[in-house]
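Single-structure report; data block below.
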Amino acid sequence: MADTGLVETLLRRVEKVDGGLDSQDVATSLGVDHQAIVGAVKSLLALGDVISADQRSSKHWELTGEGCEIAEQGSHEARVVSSIPEEGMPQSQLMKLAFGKVGFSKAMSNKWIRLDKGHEGGPRIFKTVEHLEDLVRDKLLLVQKGQASQLEEKEKNELKKRKLLSEVTVKSYWITKGSCFSTTITKQETELTPEMIASGSWKEKKFKPYNFEALGVAPDCGHLHPLMKVRTQFRQIFLEMGFTEMPTNNFIESSFWNFDSLFQPQQHPARDQHDTFFLSDPAQAHEFPQDYLERVRKVHSEGGFGSQGYKYDWKIEEAQKNILRTHTTAVSARMLYKLAQQEKFTPVKYFSIDRVFRNETLDATHLAEFHQIEGVVADYGLTLGDLMGILHQFFNKLGLKKWVEVGNSGMFRPEMLLPMGLPEGVTVIAWGLSLERPTMIKYGINNIRELVGHKVNLQMVYDSPVCRLDS
Amino acid sequence: MPTVSVKRDLLFHALGRTYTDEEFDELCFEFGLELDEITSEKDIISREQGDTKAEGASDVILYKIDVPANRYDLLCLEGLVRGLQVFKQKMEAPRYRRVSPASSEPQRLVITEETTAVRPHAVAAVLRNITFTQERYDSFIELQEKLHQNVCRKRTLVAIGTHDLDTISGPFTYTAKPPGDIRFKPLNQAKEYTAQELMSLYKTDSHLRHYLHIIEDEAVYPVIYDSNGIVLSMPPIINGDHSKISLNTKNVFIECTATDLTKAKIVLDMMVTMFCEYCEEPFTVEEAEVVYPDGRTCQYPELAYRKETLSADFINRKVGISESTEHIAQLLTKMCLRSEVMSDGEQIEVEIPPTRSDVIHACDIMEDAAMAYGFNNIPRTTPRTYTIANQLPLNKLSELLRQDLAAAGFTEALTFALCSQEDIADKLLKNISETRACRISNPKTAEFQVARTTLLSGLLKTVAANRKMPLPLRLFEISDVVLKDESKDVGARNNRRLCAVYYNKSPGFEVIHGLMDRVMQLLEIKPGQGNGYHIQAADDSTFFPGRCAEIFACGKSIGRLGVLHPDVINRFELTMPCSALDIDIEHFL
């Protein structure tokens, strides 16, 4: 805070003028350094609208060091005259004085002195005037008083040539009254303190305004991954629709549960080395429900349950091969088999969201692993209309209209369900989609690597918004 | 889904009318197809090889149509047109007939014992008095290629050979011989080669090299001769040049050799049903006799029509509609499944033609009825299935912990479940044998050698990719690792882990320790021995000596925490100290 006295003086000055005043003029008239006035202006500006100040620059004339000396002691020529006694003075003695040389020639041209070259004892100088007008000093004094404007340009330039004046550019403020102008100021507080609250002093205090243009300080916090936030929302949607979560925590699956139980033939291209990750250790699964396995073998190789079957030589060795599951439907198969083993069938709605693996060629939208979302409903008498109705409700909750692009759906085949032991009239409808695809559509991400994996930019994670799928 | 590319104008000519692109797209949708792309040869070449290469290429408009994977009857123009015309009720589905030759014995294909070891099945048929045009010929060749790629599984299951019957004379012998003993002039070559020479010749052939592996390592190669010792083909690689068909071919001998007889019959049925309309007597196919090593004989093609009987009620109940029996029979007939209402007025007898090998169950018939009805016309209903939702306890716990770990200032990472062996062993200063890692047999790159056994390496790789971010970095992940486990049916199990790292200019053991305390607090476990938790110094090669502790909760070891070994830091290309926490959360269920 600038000197309070000066601030108040400044305010009184501002009060008196109608238009406004220049900080430079105030400094001159108060005889204080301009910087002190600038400080006062700035501290007043910080208080709000007490004053307003527009910065401007002006040129003005100022005395040089030599100019100041002359203003104080007179011009060199005047001092030459005054230092010469009535009886004159030897030229050599005059030249020894500091102002001698310059003063001598100027006084000579002003005809204030004369030189007697033939004087006995060397050249001698005599003054020719008793009283003289020291115009140079007078002019400089005018400039010093801030009245340079009374001089003509020509005069100022002549003094500038003599290095007695210089023209300087000064930055100053044009000060006018602000909308909250007052000559009395109270010191502004930056923040509310416990003491103010305790004493109630906040009521009398003025508080420094905040700069609402600036950003706040970022909170020091952790962040959830955007894809996992979307997963949370999908879980929520399923839970809202009454679906129970399946245990999908088994990435390694046998070909039996991943393919054979789903009535996918052993020559199916999805079972190719190019599409599926097979395991070398542990390479094979053991322990299958034997009678079920036998029914699966039969429906593939011979048909039955109303089916022609695929009529090929079904091999247990193919079914035993361990793989990284290619879809979570392997878990749905296990769950439906388990359901079929119940004494009495009860309708179920199941869901899962978990990782699946494909040994595919990688590109901007395909990784070797991704998350699959799956919904399954098993009940007596479900129809294709039910499937379409439930899909409609599901995708409505997602806020996605064009769901055909992102998912698959259908009724599980009787060749899958009947060998498990599910009752004849039970229909199972199911649908699936990837978690990544709708997330990328939702957030406009083109490359899946910007969303998943260790190469993602954490700033993307830090900056990701909350996930509301339906808005 | 296979894509079939047909010339638009040819298609419209065959359909007897033109469509706008939108109209045709709509028609495809109704018929269960998808008009994938409208393009031209010129467009395709210019897109793939640049404009200069495309100059002079045909700009005839092509429709690329996606066909369901098991609809082999829609893989060529002939089949598509027939399917659509029947669907639009412009024609009745043709009846395909197998006929005996008018004035002679049928062609015979004799299979010898030697084929058993390599490719045991063969079927054959004759298209008699066929008239090819350039378009028909092109389509005939194209269909073989499409079948080879799809139902034939790149010729592993079935390989098709087509021959100008007038250049060869039966009976034909399908046998297998050592490669050195097979010698013939292959299709489009100027001279004879032995089978051995052919295999090396085709090593560099962009098309044929993909099929060599099917027989390459066999002791004997399959081969078909005519009665004069002329080689018809060496399946599944190449036909002989002698019997190749041309635009002028009148009589075509088709053989399919196979490792899967069912598929061979389907493929032969497809070839003949699609093209017998160009025979002098349309939709008839001349039979051929196949003689097995045991003396049995069979007549092909089978061209079997099968009948299924189902009720209108079954269809109505499965689809969710209530249509009359007559209407449903009509819908099915539109799908090439000729159907008749039986005398009780409720049952429908459906005839499945040889072209519809995909229909193997009543549910397939139901699906066709739904398609013909129009999926969009089916009323959307809500299942009345009443169930109470349950979360999986393990996932519920993980979700709750994730929220609180983020609240504790740690950011969630999402890393891959597959990684290199180096990531989980060498880089963590562990021996792979102590990791219980499951190993992948066919990874395309080192990134997919094993399933991860720890979340730590993924987190450290995430830190390494984000070294430019302001310090400290606080990361966590709650996810599954995979461990070998003999007690499980597949010999492995997942294990849910919580892993966190703190990366800064100082190791921050106290930070990671504090996070562990917080996790225990969240799980309502108090510090202390017995039913509480405590940590005690432990040796672990991943950690800096003297800076690692084992975590015990309720008397069980649940994980580790500590300052990582400087060599681990280096191996993950990091530069700052780092502390880590790794616990198994399945103990807290």
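The values are calculated or read from the model by the stated rules, or taken from the named source; none is laboratory data. None of these values were measured; they are calculated from a predicted model. Please note: Cβ atoms are built from the backbone with ideal geometry, for glycine as well, and neighbour counts cover all protein chains shown. For accessibility, only protein heavy atoms count, side chains too; no ligands or nucleic acids. Shrake-Rupley method; radii C 1.70, N 1.55, O 1.52, S 1.80 Å.
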* Structure fact -> For residue B:145 and residue B:439, extending 7 Å from Cα along the Cα-Cβ vector and measuring point to point gives, in nm, a value of 4.2
* Which whole-number percent is the relative contact order of the stretch B:156-201 (Cα, under 8 Å, 6+ apart)? -> 24
* Asked: How much of residue A:174 can a 1.4 Å solvent probe reach, expressed as accessible area in Å² and rounded to 10?
  -> 80
* Using the structure shown, select from A:106/A:156; B:396/B:427; B:265/B:318; A:311/B:244; A:455/B:427 the pairs with a Cα to Cα distance greater than 22 angstrom. => B:396/B:427; B:265/B:318; A:311/B:244
* To do: Sort B:381, A:232 by accessible area with a 1.4 Å probe, largest first.
  => B:381, A:232
* Structure fact -> Protection proxy (average C-beta count within 10 Å per residue), highest first, orders A:71-83, B:309-321 as A:71-83, B:309-321
* What average number of partner chain Cβ atoms lie no more than 10 Å from the Cβ of the residues making up A:227-235? -> 3
* Efficiency of FRET between residue B:21 and residue A:450 - r from beta-carbon atoms, R0 45 angstrom, step 0.05 -> 0.80
* Asked: Ignoring ligands and nucleic acids, what accessible area does residue A:357 show with a 1.4 Å probe (Å², nearest 10)?
  -> 0
* Which whole number gives the average, over all residues in B:372-385, of C-beta atoms from other chains lying within 10 Å of the residue C-beta? -> 5
* Structure fact -> Output row, site residue B:299, 7 Å Cα→C-beta label point, backbone N cut-off 20 Å, window the stretch B:224-260, residues B:252-256
* At a 1.4 Å probe radius, which order do B:322, A:307 fall into by accessible area, largest first? => B:322, A:307
* To do: For n ≥ 4 DSSP H runs only, could you compute -39500 (n - 2.57) per run for the protein assembly as shown, divide by its residues and tell me the 222 nm figure to the nearest 500?
  => -9000 deg cm²/dmol
* Asked: Ordered by packing density, taken as the mean number of other Cβ atoms within 10 Å over each peptide's residues, highest first, how do A:371-382, B:421-432 rank?
  -> A:371-382, B:421-432
* **Whole-angstrom gap from the stretch B:305-366 to the stretch A:236-258, using each part's C-alpha centre** => 35
* With everything on Cα atoms, drop me the angle between helix A:290-301 and the longest principal axis of chain A, reported from 0 to 90° to the nearest 10. => 90
* Asked: Considering only DSSP beta bridges whose two residues both sit in the stretch B:441-581, what percent are antiparallel, to the nearest 5?
  -> 95
* To do: Would you mind checking the tilt of helix B:393-407 against the longest principal axis of the Cα atoms of chain B, expressed as 0 to 90 degrees and rounded to 10?
  => 60
* Check the straight Cα-Cα distances from residue A:42 and name the aspartates and glutamates below 17 Å, setting aside those fewer than 8 residues away within the same chain. => A:3, A:8, A:22, A:25, A:33, A:54, A:189
* **Relative contact order, percent, the stretch B:466-576 [alpha-carbon distance under 8 Å, six or more residues apart]** => 18
* Distance in nm between label sites at residue B:465 and residue B:324, each 7 Å beyond Cα in the beta-carbon direction? -> 6.3
* Structure fact -> Rounded to a whole number, the mean other protein chain Cβ count within 10 angstrom for residues of B:318-324 is 3
* Quick one: length gained pulling residue A:163 to residue A:341 fully straight, 0.36 nm per residue minus the C-alpha distance? -> 52.8 nm
* Structure fact -> At the level of C-alpha centres, the distance separating the stretch B:186-222 and the stretch B:106-133, in angstrom, is 20
* **Under 17 Å from the Cα of residue B:177 - lysines, other chains or at least 8 residues apart** => B:185
* How far, in degrees from 0 to 90, does helix B:21-30 lean away from the longest principal axis of the Cα atoms of chain B, to the nearest 10? -> 80
* To do: Using only Cα atoms, locate the centre of the stretch A:76-103 and the centre of the stretch A:114-156, then give the distance between them in Å, rounded to an integer.
  => 12
* How large is ³J(HN,Hα) for each residue in the stretch B:465-476, as worked out from phi by the Karplus curve 6.51 cos²θ - 1.76 cosθ + 1.60 (θ = phi - 60°), to whole Hz, x for Gly and Pro? -> 6, 10, 5, 7, 6, x, 7, x, 9, 10, 10, 9
* Asked: Which residues does a label at residue A:18 reach in the stretch A:149-178, if reach means a backbone N under 18 Å from a point 7 Å past the Cα toward the Cβ?
  -> A:175-178
* Mind ranking B:67-78, B:40-51 by how tightly packed they are, going by the mean number of other C-beta atoms within 10 angstrom, highest first? => B:67-78, B:40-51
* **Estimated distance in nm for a label pair at residue B:495 and residue B:3, the labels positioned 7 Å out from Cα along Cα-to-Cβ** => 4.6
* Structure fact -> Amide H contacts under 5 Å for residue A:224, restricted to residues at least 5 apart in sequence or on another chain and with H modeled in the peptide plane, are B:412
* Contact order relative to length of chain A, as percent, for alpha carbon pairs under 8 angstrom and 6 or more apart -> 14
* Asked: What FRET efficiency would be calculated for the residue pair residue B:526, residue B:389, taking the C-beta separation as r and a Förster radius of 30 Å, to the nearest 0.05?
  -> 0.35
* **Under 13 Å from the residue A:180 label point (7 Å along Cα→beta-carbon), backbone N, the stretch A:15-58** => A:44-52
* **Entries in A:59/A:161; A:349/A:397; B:88/B:307 that, when Cα-Cα distance is taken, lie over 21 Å** => B:88/B:307
